[in-house]
Each structure stands twice: as structure tokens, then as C-alpha cells.
Amino acid sequence: MKKALLFFFVSFLSLNLVAQEFDFNVSLNTQKASSTDPKVWESLELALKDFLNNQQWTTEEYLPEERIECNLQITITSENGNTFNSDIAIQATRPVYNSDYQTALISYIDKNVEFNYEAYQPLEFSENVFNSNLTSVLGFYVYLILGMDHDSFTPFGGEDYYQKAQELLNNIPPSAANQYKGWRSRDSNRNRYWMIESVLSPRTRNMRQAMYNYHRLGLDVMADNMNEGRAVMSSVLSEIERIEKGYPNSMIIRLFSLAKGDEVTEIFKGGTRKEQNDAIRVMSKIDASNSAKYRKIRG
């Protein structure tokens, strides 16, 4: 009996070492779903936290302090029985060495995500089997975030996780892809299909090296040498400009501007005049709707 208890205890510890890669903060905005029983939302919020934080997504060991910090907000935009339409806002951050600063890896709102849910319904997920649109969408972003996080620490370190996101997308059945938008190229030029396509495209492969340089050789050295780190980040922006010319309006560059636009603005306020001018030019080109923000780099 004691041996059985010891085996259970060791197994439990081992599971905790390889699981729990994430620390997701989950919130629901249900103001437009007033006719749904509040118990549904209480159940869903708990199920989401368990699904994202306690599921084993990798075979790697994560200490509690190494978990990726994320925010998920689901805003219900309409309801029809147990079918809901929603906007899903997802953000993930990465710590910057020798500082208390967290830099955004992704900050994105996936709009018009439809899903079905009933109170106390378990959230089931499989890499190869479609169980529900909600768990497939969340699983896709989990793998995308894992890829981004690994790429930021090791050149092309996120390849396996990007491939998992691609496989998940490819395994969406045609009937589900027709019902739930965002999985196919024809749905839009700004969706999950184009996200992973642009991440894995040979035309934007240098973007992934640029993201390593931006984080490890730029941000991570700024606590010790601000000018050196900013110079690296300036060269990253020049590389992004070249990538944009080869693949205009790619989703991977759109994701960069959404996550990093404010950060770039603040960092380059302290740069040389040339660094400022180059940053304004590049950011205004890849994120034209926010060009007024980038002009503030010069003060």
C-alpha cells in the first residue's frame, strides 16, 4: 500500500513538472448574453482555466516561474440557445532579462468565433480529432504562443509547435470549416489560416530569426547596454522592412505591429535621430493606420 501511495505521489509530481506550461488569466464579458443562465458562464470560466492551465501541452519541464503568462478574454456578442458568437482577445507575454518588464508576444482579437457550450460541459481536445470549435481555436493559439515563445529564446526553436498549429488547422473537417469561419484561406485575408501560413512561409522565414534577435540580442541586453540593444532592434526593423517588400501585408508582420507597436515607440524615443527616422518609416509602412503614433517617436 505504501509503495502504491509513493508511486502515485511521484507520478503526480512528474505530471506537474511536464504540465502547466501556462498561467492564463481568463475573463468573460457576457453583457450581451443576458438571457443565458449565469451558471453557464461560471462553468465555462472554470472549464477554460482548467483546459488552458492544467492540460499537458508539451513534454518539457516547466517550473512555476517559467510558465508563460497569458490573458484570455471572451466577449459574447450574440446568443442563440447554447450557441454563442464571440470575440476572443488573447495576449501572451515574455519576461525580459534583468528587469521586471514583460514584453508582448501576441496581442490579438479573433472576431466572430462561434461555439457551442452547455453548463458543466467538459472541454475536450485532441490534436488530430475535431471536438469543438472553441477548443480547436484555443489549441491553435496555445501552439502559436509556444512557437513564438520558443523562437524568442532560440533561433527557430518554435518549429515543432508551429507545425502542431498547422496540423490542427489541416485536421479541421470540411463541414466544420464551412460552419466555423477562420480556418480557410477564402474566409478572409486576416485569420488563423493566414497566421500560420505566414509564420511557416519561406518568404517570411527571416522574420523568425528577426524575432530572436529582437528579444535575445535586443530587449534582453538593454538593462546592461541600452544603446547596443536598441541598435540591434533598429537592424531588426530594417530586416522587417525587407520582408514586407517580399511579402506585403503578411499576417506575421501584422502580429508584430499589434504586439510591439507601443513598445517600439517608447524604445526609439531614446534613439539617435537616424534610429528614430528609420523606426518611424518602417512602422508607418507596416502599420499605416497608426502612423500618427509612430511620429511621436521624434517628440
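Just so it is clear, none of the values below were taken in a lab; they were calculated from the coordinates. Everything quoted here is computed from the prediction, not taken from an experiment. Neighbour counts are summed over all protein chains in view; Cβ atoms, including those assigned to glycine, are modelled from backbone coordinates with ideal geometry.
Residues in the range 26-33 carry Karplus couplings, in order, of 10, 9, 10, 10, 10, 4, 8, 10 Hz; the curve used is 6.51 cos²θ - 1.76 cosθ + 1.60 with θ = phi - 60°, and Gly or Pro positions show x. Under a 5 Å amide H cut-off, with hydrogens placed 1.01 Å from N, E69 pairs with D23, T93 among residues at least 5 apart or on other chains. Quick one: Cα centre-to-centre distance for the range 95-141 and the range 226-299, in angstrom? Between the Cα centre of the range 95-141 and that of the range 226-299, the gap is 28 Å. Taking amide H atoms as placed 1.01 Å from N in the peptide plane, the amide H of E114 lies under 5 Å from those of S86, K181, each 5 or more residues away in sequence or on another chain.
In summary, the helical segments of the chain meeting the span-like criteria, namely a full DSSP H run, a Cα extent along the axis of 18 angstrom or more and a mean Kyte-Doolittle hydropathy of at least 0.0, are 2-18, 133-153, 251-268.
The spread of Cα positions in the range 247-287, taken along each principal axis and listed from longest to shortest, comes to 29, 17, 10 Å.
How are the alpha carbon pair distances in the range 12-91 distributed across 10 Å bins from zero to the largest one, expressed in percent? All Cα pairs considered, the percentages come to 18, 41, 25, 15, 2. Assuming charge only on the beta carbon of Lys and Arg (+1) and of Asp and Glu (-1), the dipole of the range 205-298 about its Cα centre is about 360 debye to the nearest 20.
Remark: the range 71-153 projects, on average over all directions, an area of 6.7 nm² (convex hull of Cα atoms). Per-residue ellipticity at 222 nm, computed for the chain from helices alone with -39500 (n - 2.57) per DSSP H run of at least four residues, works out to -16000 deg cm²/dmol.
So in the chain, what percent of DSSP beta bridges are antiparallel if you round to the nearest 5?
On the way: 22 of 30 bridges.
About 75 percent, rounded to the nearest 5.
Here the range 17-200 was treated as a single set of alpha-carbon atoms; its pair distances binned every 5 Å from 0 give 1, 8, 16, 21, 21, 16, 10, 5, 2, 0, 0 percent.
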